[in-house]
Each structure stands twice: as structure tokens, then as C-alpha cells.
Amino acid sequence: MNWNDIIGHSDIIKRLRAAISNDMFPHAVIFSGARGIGKFTTAEVSAAALLCQSKNNAPCGECQSCRAIRAGVHPDLFVITPDTSAKQPVIKVGQIRQLLADISLAPMLSELRVIIIDDAHLMNGVSQNSILKTIEEPVGKSAYILVTDRRSDLLITLRSRCMTMTFNRLTPEELALGLRDRNIGDIEQISQLSDGSPGRAIQLSNEGGLKLRAAVFDILKSIEK
């Protein structure tokens, strides 16, 4: 996984790479923007770069840290996702408490720990306050990346302790350019229909979205007749 895996957002990538190479990555940052726009992918690549043992062109893809991330076993990378076993997806306080217990130990492979919380707005109030406390009083060196498409659902106190990076929707031209090396057909049409979201574009391609759209149009035309 590297920066080329991110579609668009060149300005954000530039800022992130500069911050990481200069050891100035925020202690806590919110990646905010529409769903499917590339926030989580950017969080993963940022984590890989932060944990990379090479100081040049991180993530290098070759060091022990990068290999551990590729295998999904890096001991200093923690990814929290919503529990979907309940009626409504939620990040439970038990998940946060377990995280806090895990990160109380010293880093094992890298110089810091990276914590990614996906759909961070799905933390309840207790969970958010627990994260807020550890952000305010960190144990050791760590970086928190909160990914959300509903930033306003986060506590004001939590938002105030984090830097926010806003991911805007891509233009059809940016989206088409980013999709060209990803074995996707009908790029121009899909880019127009995806509302600036790479995730939506890939989903449309995988699900045969254009064929379905054409079939619906055919049905509507036949009804009109």
C-alpha cells in the first residue's frame, strides 16, 4: 500500500507526506468527507508511512514494518471499526477500553503507535470521552486518525483537540484520471455518475451499474410508449 493507491486528493497527500517526512504529523487528526471518497485508504497509507522504518519515500514497502502491515500483523497499528452485530452499527465502549489497554504497552516494532478509528461518529458519548482523555493525556508516542463522514456527530471537545482535514468530492476529470490504471470500463460515464466518490465508482463498475442503468431507462421508455 502506498500513496499511489489514493485516487485524487493531491493537495492532502502533499501535506501529509511533508508532515510525516518532517516528523510533524498531528497527534490527532480527523479525516472528514463524504463516504467512499478515499478517507480510509488515506488513513491506511498514512499509518504505513508513519510506521515505516525507512526515512525516505515512506512507506517503502520493503522494511519489516511495511511487510508486517502487508501481512496484517503489525503490532503497533490498531484499527477500530463499528460492531455490526447489533441492530445499528456502533463502536462500543468495550472496544475503546480494549484499545486503551493494548496501547498502554510500549511500541514493539516501530517508534510509535497508530490508531485508526473508522466511522468515528459511531462512538457513543462514553467512547468519545474515553478517546478524548487519552488524546489529552497520551501514554508514549502515538497518532490518532479519526475517519468520519459525519464530523458534526463528534463531541465538540473531541473535535477541538484534533486537526481536521476535509476531503472534497472529486471532479469527474480527477476521478477518471485516477481510475485509468484500475481495470475499469466505461470510465468516463462512471466518473460522471459517481458523485465524486472513487468508492462509488468502483462499486458501480463491480456491480455492472451502467448496464443496470441502461436497463432501467429501457423500461421507462417502454412505459412511456
| Which of the residues spanning the stretch 22-44 are outside any helix (DSSP H, G or I), of a type in the set (Val, Ile, Thr) and farther than 22 Å from ILE135 by Cβ? | ILE37
| Which residue pairs have Cβ atoms closer than 6 Å, lie 6 or more positions apart in sequence or on different chains, and pair a first residue in the stretch 170-185 that is free of Cβ contacts under 8 Å to residues at least 12 places away in the same chain and under 16 Å from GLY36 (Cβ atoms) with a second residue that is surrounded by 15 or more Cβ atoms within 10 Å (Cβ to Cβ) and among the aromatic types (Phe, Trp, Tyr)? | none
| message | Here is a check on your reading of the model: is SER54 closer than 17 Å to VAL114 by Cβ and touching a residue at least 60 places away in the same chain (Cβ under 8 Å)? | response | no
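Please specify each residue of the stretch 135-189 satisfying the condition of being of a type in the set (Lys, Arg) and closer than 18 Å to PHE25 by Cβ.
Taking the stretch 135-189 and keeping what is of a type in the set (Lys, Arg), we get 141, 150-151, 159, 161, 169, 180, 182.
Across the stretch 135-189, the qualifying residues are LYS141, ARG161.
Go through ALA19, ALA47 for me and flag whichever is closer than 25 Å to PRO198 by Cβ, in contact with a Phe, Trp or Tyr (Cβ under 6 Å, 6 or more places away or on another chain) and assigned to a helix (DSSP H, G or I).
Numbers: ALA47 fails: in contact with a Phe, Trp or Tyr (Cβ under 6 Å, 6 or more places away or on another chain).
Selected residue: ALA19, the only one of ALA19, ALA47 that is closer than 25 Å to PRO198 by Cβ, in contact with a Phe, Trp or Tyr (Cβ under 6 Å, 6 or more places away or on another chain) and assigned to a helix (DSSP H, G or I).
With the structure loaded, tell me whether CYS60 is without any contact (Cβ under 8 Å) to a residue 12 or more places away in the chain and surrounded by 15 or more Cβ atoms within 10 Å (Cβ to Cβ) or whether it fails that test.
Yes: the conditions hold for CYS60.
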| Any pair with Cβ under 9 angstrom, 6 or more apart, that starts in the stretch 120-133 at a residue that is under 18 Å from PRO89 (Cα atoms) and ends at one that is modelled with pLDDT of 95 or more and among the basic types (Lys, Arg) | ALA120/ARG150; ALA120/ARG151; HIS121/ARG150; HIS121/ARG151; LEU122/ARG150
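Counting only residues that are more than 13 Å from THR166 (Cα to Cα) and in contact (Cβ under 8 Å) with a residue 24 or more places away in the chain, which one in the stretch 11-25 is surrounded by the fewest Cβ atoms within 10 Å (Cβ to Cβ)?
Taking the stretch 11-25 first, the residues more than 13 Å from THR166 (Cα to Cα) are 14, 17-25.
Now restrict to residues that are in contact (Cβ under 8 Å) with a residue 24 or more places away in the chain: 17, 20-21, 25.
Working: ARG17: 17, ILE20: 18, SER21: 14, PHE25: 20.
Here the residue is SER21.
Test of understanding: among GLY33, GLY8, which residue is closer than 28 Å to SER191 by Cβ, open to solvent by 20 Å² or more (accessible area, probe 1.4 Å) and touching a helix residue (DSSP H, G or I) at 6+ places or on another chain (Cβ under 6 Å)?
Working: GLY33 fails: open to solvent by 20 Å² or more (accessible area, probe 1.4 Å).
None of the other options fit; the residue is GLY8.
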| request: Please verify whether the stretch 44-52 includes one or more residues that are farther than 24 Å from ARG161 by Cβ, surrounded by 13 or more Cβ atoms within 10 Å (Cβ to Cβ) and not small (Gly, Ala, Ser). | output: yes
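Hey, which of the strands (runs of 3 or more DSSP E) in the stretch 101-216, taking only ones fully inside, have at least 3 residues that are open to solvent by less than 40 Å² (accessible area, probe 1.4 Å)? Before you say what the answer is, go through the steps one by one.
Values: elements: 113-117, 142-148, 163-167.
Correct list: 113-117, 142-148.
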| said: Among the residues of the stretch 63-86, what is the count of those that are touching an Asp or Glu at 6+ places or on another chain (Cβ under 8 Å) and open to solvent by 50 Å² or more (accessible area, probe 1.4 Å)? | reply: 2
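The values are calculated or read from the model by the stated rules, or taken from the named source; none is laboratory data. Computed from a prediction, not measured in an experiment: that's the story for all the values here. Here Cβ is always computed from backbone atoms with ideal geometry, including for glycine, and neighbour counts include all displayed protein chains. Areas reflect the complete protein model, heavy atoms only, side chains present, ligands, DNA and RNA absent. Shrake-Rupley method; radii C 1.70, N 1.55, O 1.52, S 1.80 Å.
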